[in-house]
Amino acid sequence: MAPFVNLQNSPSHLLIPTTTVALCHPRRRARRRRRRSKSVRTTQSPELPAFGSRRSCSVSSFAAVRIRPTTTQDSNSIPQRFQRSIIHAAGNNQVQVEATSGPPTQGTPGVTAAPPKKQTYNFDQVHAPDATQHSIFTSTAQPLVTRFLEGFNCTILAYGQTSSGKTYTMTGVDLDANPTDPKNGMGIIPRAVASIFNRAQQLRNERAGAWKYEIKGSFIELYNEDLNDLLADDASGVRREVQIREDKDGHIIWGGLREITVKSASEVMRYVFPLP
């Protein structure tokens, strides 16, 4: 969905993993009731780039990279002599990767080889290790919540290597905290869900009850190229497989997917993160 950069671990240095959050192009939802994939989204917005024509939107995306800080586990498990951060935010939209040291080469005596060049990669947004959960949400996902309530399909995809911080960025901690508090550790999912309910209620109040809404949710797992419905109410405990079909108009339909009506952000979180 986005031109991601594969930054491999060096055997002699600590590479700070990165998480890429990809935000996709706009497509207004059809008025007809139909189960479909919540694929791409977002139109021209002060916070997001203008993708131009509908055709260009079909191949465009918006990628934000977050560089996570070194954790206590990193410091304890990696020898001190190997600990060096070689990935840095070189600006608001550029990542810089330092060259790692390699084996010595045979050269002309008395001639010093030129130092390896640093590599740079450009993205739509780059967030340094000191970026907060709140700032990540407001700069990436919050504009999409607005577009979602305007009738656009929206998708947020977190991509990265193991231990790069995907779960922390998307879920976070302090799930019962105030989603508007910039100091807590809530991730994108709980903040986005709360924003959808809050904004929907605001629209209803502004229009004196003339505007009504109903929010439904689904929960799908993609595992080994199989789609499983995680909300299927099956007493046997077997997860129901979901089939993807395409109708005559080219729209994607989820076959066998369960949709449930939800009335609050806390109810959504109980389905997504059920207590043991």
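Here are a few things to note about the model shown:
- The residue of the range 145-159 that is farthest from ASN198 (Cα to Cα), among those that are touching a strand residue (DSSP E or B) at 6+ places or on another chain (Cβ under 6 Å) and not β-branched (Val, Ile, Thr), is TYR159.
- Residue check, THR146 in a helix (DSSP H, G or I), among the β-branched types (Val, Ile, Thr) and over 11 Å from the mean Cα position of the chain (by Cα): yes
- Residue within the range 200-212 that is without any contact (Cβ under 8 Å) to a residue 12 or more places away in the chain, of a type in the set (Phe, Trp, Tyr) and in a loop (DSSP other than H, G, I, E, B) present: yes
Taken together, the values in this text are just the output of simple stated rules run on the coordinates, not laboratory data. Values in this document were obtained by computation on a predicted structure and should not be read as measured data. In this analysis, Cβ positions are derived from the backbone assuming ideal geometry, glycine residues included, and neighbour counts consider all displayed protein chains.
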